[in-house]
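The values are calculated or read from the model by the stated rules, or taken from the named source; none is laboratory data. Only a predicted model underlies this, so the values are computations on that prediction, with no experimental measurement involved. Here the Cβ positions follow ideal geometry from the backbone for every residue, glycine too, while neighbour counts run over all protein chains shown. Only protein heavy atoms, including side chains, enter the accessible area calculation; ligands, DNA and RNA are left aside. Shrake-Rupley method; radii C 1.70, N 1.55, O 1.52, S 1.80 Å.
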Amino acid sequence: MSDIIFKGFSLFKWFLIFLLLIVLSCYFILRGSLLDIDGNETITLLEHSLKIERDVQGIPTIRAQNRSDTAFALGYVHAQERYFQMDLLRRKAAGELSGLFGNKLLIKDQKIKIHRFKDRAKQILRNLPKIHYRIIQAYTNGVNSGIESLSNDPYPYLLLGQQPKSWELEDSLLCVFAMYFDLNDELGERKTSLAVMQDILPPQWFDFLTPQGGQWDAAMGAEQLSEPGHQLLIPEVNLPDNLLLTHKSKDGPQEAAALSAQFLPGSNSMAIDASMTPYDSAMLANDMHLTLRVPNIWYRASWFLNDGRRVSGVTLPAGSNEKIAWGFTNSYGDWDDIITLKTNADNTQYFTSEGWKDFTIYNHVIESSTGKNKKHITVETIWGPVIGQNHKGQLIAHQWIAYSTQAVNFNLFELEKAHSVNEALTITPKIGLPPQNIVFADDAGHIAWTIAGPIPSRESKADEAQGWQKYLPAKDYPIFRQPEKHRIWTANNRLFSDEKLDIVGFEGGDLGARAQQVRDGLRAKEKFQETDLLAIQLDNRGVFLQRWKQLLADSLVPANSLKKVSSDKKLKQASLILMAEVLSNEETLNAHPESVAYGLVKSFREQVVNGTIGWIYDSLEKKEPRLFKRSSLDKLIEYPVWELMSKRPEHLIPAGYKNWDEFIIACANEAYNELTNNGQAILAQQSWGKLYKTDICHPLSNAIPGIGLLLDMPGSPLTGDRNMPKVMGSEFGASMRMVVSPGQEKNGIMHMPAGQSSHPLSSYYSKGHQDWVDGKASPFLPGETQWVLELNAIQ
């Protein structure tokens, strides 16, 4: 027996040794792709020697003698810290992800190839101003030098069995094109969805489900399009029978309301002029809401201009140069059109205002890491690519500003040199990126808003069946500056109701509840410190859901509840009492980790949405799954749903219920069941933070089992939600928070999720992440220098 034990122990010992050797081998392979952050490197492509100083979080401060060398250094650190993520961005825009991940991403690449962004990037590159071309050339040289400086390829390539390809000049343009996918409607889904809805629903229902605004509006100009609710007329006619077939009744399961759970890529931005700050300068705050990944999409950096000013912020978009500060929010303007094509009998030609034209055919080869390359064909018109057929079987083309030669450029570089808001406003109409609300503040105390990015000239349309012909000239760009009330705010909401709205449009943007809380936070005081604006960014009060809490509480009054549930054995009196107790314990709603009432009320609202209006969207999506996308139309669904809750018309009582009261109690019980797993859990213990946590992952986490333990950020309880300034979901939220007054950067604030480096062995891999979780007022500028890397030019 002892011999068997000894042999077993010996085998186990050798297994441990073998396992240790594997771990050590992996460690040293990983170590080889870790960058040097201290020391000296000799570089052949530099004009002058430079220094890259890093603080404890790995935030670089670049000290170079000219802009080209600064661009080289920035490319160098980007590549060493983030090359795999950079590669994913360019491949995403070019439709080349199969080259890394094989044929499982072939369909995705085929959908991307329709845009021909790589060809468009090359065309734009040929026409870049010389000064921008030199900067991009230097940046590209820096990227490739940074990759070559590593002992091993970045570890994701080792795990995938791939080798990184060199960075090309057009790849930086492709990264901007990739932003169009996140910030615009790449296939015109909102317009095709509206067309389906308009053709299938009776006119009264179409009008009811497509409100233009209401009481949640928080525009900077005229605040509402009309008095709340006055535009909404409850339909008097029934819906088509083919839709009624899918109407959910109380006998059918209520699904969790994914309809209302969609997060909106966007941001908050606010500015106050000098009359409201402790300085002679204005103050700006910006937090951009996007899908959260490891590493973060933005990279913090700082460098110096020739005149000695320091530029600090996140690359590419937002920051300060000691004279001006700027930040972005997505505009949700009218940036595309669907063109219904009139074609000849064999679909080889289409009709334009100039007569018949041949379709243009493009042949593509999609390379795969498996070696099984795929040929693909796309078809284009003068407006843009043919994207298929509409619900009537007609060919349709998509006209999108992303196809314009003005769509992408590097005029954003010019902002870093601007000295005032007025100077910055002359630059923004020339900037090429997905059109954004851009807010400025300067050291003279001024503030302003405008649009950065190309704006179509709707007046240039030949007729309604044709696309636009021209883009808005710089002199006609909408501007809002030095407001009488000293405040500017944007939160992806409708900003104006005057001619500015006519120019920009409003397509699929936010309801406005979030913007109202931002606005009201700015109106609450006459003097602000940086921490005061951060507090607005971190505001997680559930103001939007407060009336829903009241509706639920009123419906749970015991005397009434007994009458409402006595006829239905499935509705438990105990659950109603428990819900009433939870609501009574929390006077106001907050998306706080300890709150139970917040999750309950949110779920209740979602059940009501699904049972009244949501099922209509679901039915249309089932009927036309290719052309109708409910998420493109549901942002203002609150208006028709609440109108039904307020008026409770008898002819629209949801199927299967005797009255509206019975329906509301059924929704309350469905919310209870969702939170308690059908009564198996104790409601009072189902707090917001227990039910939902952050899930910020590395792109490889899902591809390689177990690696997420090494690469992902630790989960933390959610402390926000949608429809409030502190937007937060499990994988979505503020990708950075910034508060800064130009010239007072030393008092500014910035933090972001994850960290600077993508390498898990980096000493600052997750540094700064906890500050973001905690909402800490971390310094805007890099801290004390910890490491210095000198890049020496060969003279």
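Within region 361-450, report the trypsin sites (Lys or Arg not before Pro) that DSSP leaves as loop and that have at most 15 other Cβ atoms within 10 Å.
Of the trypsin sites (Lys or Arg not before Pro), the ones in loops of region 361-450 whose Cβ has at most 15 other Cβ atoms within 10 Å are Lys372, Lys392.
How would region 449-563 be classified by its alpha-carbon gyration tensor: rounded, prolate or oblate, with rounded meaning a/c under 1.5 and the a/b versus b/c comparison settling the rest?
Oblate.
Given R₀ = 22 Å, what would the calculated FRET efficiency be for Asn659 paired with Val557, taking r from the Cβ atoms and rounding to 0.05?
0.90
A 25 angstrom limit on the alpha carbon distance is what I want to check against. Which of Lys104/Lys726; Lys485/Lys549; Lys118/Lys375 exceed it?
Exceeds cut-off: Lys104/Lys726; Lys485/Lys549.
List the GluC sites (Glu not before Pro) within region 618-704 that fall in a DSSP loop (any state other than H, G, I, E or B) and whose Cβ has at most 11 other Cβ atoms within 10 Å.
none
Show me the GluC sites (Glu not before Pro) within region 734-795 that DSSP assigns to loop and that have at most 16 other Cβ atoms within 10 Å of their Cβ.
Filter output for region 734-795: Glu784.
Hey, rough spin-label estimate for Lys51 and Lys104, points 7 angstrom out along Cα→Cβ, what's it come to in nanometres?
Once both label points are built, they end up 4.7 nm from each other.
Quick one: Debye curve from the C-alpha atoms of the chain, no solvent, what's log10 I(q)/I(0) at q = 0.07, 0.08, 0.10 Å⁻¹?
Reported log10 I(q)/I(0), two decimals: -0.57, -0.75, -1.15.
What distance in nm lies between label points placed 7 Å from Cα along the C-beta direction at Glu236 and Leu652?
About 1.4 nm separates the two model spin labels.
Rounded to whole Å and sorted largest first, what semi-axes of the equivalent ellipsoid does the C-alpha gyration tensor of region 30-140 yield via the square root of 5 times each eigenvalue?
31, 21, 10
Tell me which DSSP H helices of the chain clear both cut-offs, 20 Å or more of axial length from alpha-carbon atoms and a mean Kyte-Doolittle hydropathy of at least 0.5.
Helices passing the filter in the chain: 2-32, 169-183.
I want the antiparallel fraction of DSSP beta bridges within the chain, as a percent rounded to 5.
Given both bridge residues lie in the chain, the antiparallel proportion sits at roughly 90 percent.
Rounded to the nearest 20 debye, what is the charge dipole size of region 585-693 about its Cα centre when +1 sits on each Lys and Arg Cβ and -1 on each Asp and Glu Cβ?
For region 585-693, the charge dipole is close to 420 debye.
Leaving out ligands and nucleic acids, and using a 1.4 Å probe, what accessible area per residue does the chain come to in Å²?
Each residue of the chain exposes 42 Å² on average to a 1.4 Å probe.
What percent do you get for the relative contact order of the chain when only Cα pairs under 8 Å and 6+ apart count?
Reported as a whole number, the value is 21 percent.
Report the residues of region 422-447 in range of a label on Tyr133: point 7 Å along Cα→C-beta, backbone N strictly under 20 Å from it.
Label zone hits: 431-432.
Go through Lys323/Lys776; Lys417/Lys767; Lys392/Lys623; Lys113/Lys635 and tell me which ones have a Cα-Cα distance over 23 Å in this structure.
Cα-Cα > 23 Å for Lys323/Lys776; Lys417/Lys767; Lys113/Lys635; rest within.
Can you tell me how region 621-713 classifies by the Cα gyration tensor, rounded, prolate or oblate, using a/c under 1.5 as the rounded cut?
oblate
Please give, to one decimal in nm, the separation of the simple spin-label points placed at Thr405 and Lys485, each 7 Å out from Cα toward the Cβ.
Distance between the two pseudo-spin positions: 4.3 nm.
Grab the beta carbon distance between Gln198 and His376, set R0 = 25 Å, and tell me the FRET efficiency rounded to 0.05.
That pair, Gln198 with His376, gives E of 0.15.
Is the shape of region 86-206 best called rounded, prolate or oblate, per the rule: a/c under 1.5 gives rounded, else a/b larger than b/c gives prolate, else oblate, with a ≥ b ≥ c the square roots of the Cα gyration tensor eigenvalues?
oblate
With +1 assigned to the C-beta of every Lys and Arg and -1 to the C-beta of every Asp and Glu, and no other charges, what is the dipole magnitude of the chain about the Cα centre in debye, to the nearest 20?
So the dipole magnitude of the chain works out to roughly 1260 debye.
If one computes the Cα centroid of region 506-541 and of region 46-83, what distance in Å separates the two points?
35
Ignoring ligands, DNA and RNA, what percent of the accessible area of the chain is carbon or sulfur (1.4 Å)?
52
Between His391 and Thr210, what is the FRET efficiency for a Förster distance of 25 Å, r being their Cβ-Cβ separation, to the nearest 0.05?
Step by step, r from the Cβ atoms, then E = 0.90.
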